[in-house]
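Scroll down for the structure; my scribbles are underneath it.
The values are calculated or read from the model by the stated rules, or taken from the named source; none is laboratory data. Everything numeric here is computed off the predicted structure, so don't read it as measured data. Note that each Cβ is placed from the backbone with ideal geometry, even for glycine, and that neighbours are counted across all protein chains shown. Only protein heavy atoms, including side chains, enter the accessible area calculation; ligands, DNA and RNA are left aside. Shrake-Rupley method; radii C 1.70, N 1.55, O 1.52, S 1.80 Å.
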Amino acid sequence: GSSSTDPRSQTEDLTNDAMRASDLGVANLRRITDNLLEWTDRAGANYSELEELYRQIIGQWRRYTGHVLSYLGGIYETDKTHSQEGPVYEFVSQERQQRAMDWLADYGWASPTWMLNYEVLDRINESSVVDDIRSQQTSLLNNVADPGLLGRLIEWEARADGDTYTAFELMDDLRNNIWSELDNNTPEVDVFRRNLQRGYIERMEYLMTEEPSIPPQWQQYFSINVDVSQSDIRPIVREQLHTLQENIDSAI
């Protein structure tokens, strides 16, 4: 397919199960991170190679999250002519979208302790790793809580014969993932999660108060324009914020 919403159309597409492939990919990145200092240790060398390789690890992790993200609100597009039976557009299954969200909970938003090799960081990063990770994780969060993605879920719930992964379900899962400490009765929330939770509140504020601008003409083929104020998005967000407030009050 040619659509940017088709999870089969992306770089490094080596499998039909990005979640399984990305499990193996992160395991490999974890091994590299643990051994990076030893593997780049050469007499007389500075730490430029170490820094470049560490940046590549972060970049590859970001690509894995992108591969998995593409299943959320994903639509398979199969080019056909009138003589060929079946639909051109099919929604990614509810089960596969749920697995994608579960994967992001484990490897996208959980505190990424596996990549925090402080022996490496003390040699290449003066003081910005906490904010670097905040930027990466909140960007991923914003891509999930995206008006276009939510609009596709709403659209396909209305037109599908069977069950779909709905916008309500995605937002329930997102809130539970970002605020899992409330369900687990975790007394301490680390700095990475605190930053992410602040990012969640800001994104909900954006969805409640802002009307996304229409993208440039050249981007419009690749996006869906949603009138947020007149769609189901704001009632969904309002429900999430009410539930979050109740959960916080209960935990306190």
Quiz item: For residues in region 156-186 being over 19 Å from residue 204 (Cα atoms) and touching a Leu at 6+ places or on another chain (Cβ under 9 Å), which is surrounded by the fewest Cβ atoms within 10 Å (Cβ to Cβ)?
Solution: 164
Quiz item: Could you list, in sequence order, the residues of region 71-109 that are open to solvent by 40 Å² or more (accessible area, probe 1.4 Å) and of a type in the set (Phe, Trp, Tyr)?
Solution: 76, 89, 107
Self-check item: Lone qualifier among 127, 111 - being touching an Asp or Glu at 6+ places or on another chain (Cβ under 6 Å) and assigned to a loop (DSSP other than H, G, I, E, B)
Solution: 111
Quiz item: Of all residues in region 113-129, how many are open to solvent by 50 Å² or more (accessible area, probe 1.4 Å) and touching a residue at least 24 places away in the same chain (Cβ under 8 Å)?
Solution: 2
Self-check item: Candidates 200, 165 - the one that is assigned to a helix (DSSP H, G or I), hydroxyl-bearing (Ser, Thr, Tyr) and within 26 Å of residue 71 (Cα to Cα)
Solution: 200
Exercise. Filter region 187-197 down to the residues that are among the aliphatic types (A, V, I, L, M) and farther than 21 Å from residue 69 by Cα, then identify the one that is surrounded by the most Cβ atoms within 10 Å (Cβ to Cβ).
Key: 189
Quiz item: Out of all the residues in region 59-70, which are open to solvent by 30 Å² or more (accessible area, probe 1.4 Å) and closer than 13 Å to residue 112 by Cα?
Solution: 62
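Here is a yes/no grid of residues against (1) free of Cβ contacts under 8 Å to residues at least 60 places away in the same chain; (2) within 18 Å of the chain's Cα centre (by Cα):
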| position | (1), (2) |
| --- | --- |
| 79 | no, no |
| 83 | yes, no |
| 86 | yes, no |
| 91 | no, no |
| 94 | no, yes |
| 99 | no, yes |
| 103 | no, yes |
| 106 | yes, yes |
| 111 | no, yes |
Quiz item: Which residue pairs have Cβ atoms closer than 9 Å, lie 6 or more positions apart in sequence or on different chains, and pair a first residue in region 29-47 that is open to solvent by less than 90 Å² (accessible area, probe 1.4 Å) and modelled with pLDDT under 95 with a second residue that is not in a helix (DSSP H, G or I) and not acidic (Asp, Glu)?
Solution: 33/116; 33/117; 36/117; 37/117; 40/47
Exercise. Output the number of the condition that residue 145 fails; it satisfies all remaining conditions of (1) farther than 17 Å from residue 208 by Cβ; (2) open to solvent by less than 10 Å² (accessible area, probe 1.4 Å).
Key: (1)
Self-check item: residue 55 being out of contact with any Pro (no Cβ under 7 Å at 6 or more places or on another chain), open to solvent by 90 Å² or more (accessible area, probe 1.4 Å) and not small (Gly, Ala, Ser)
Solution: yes
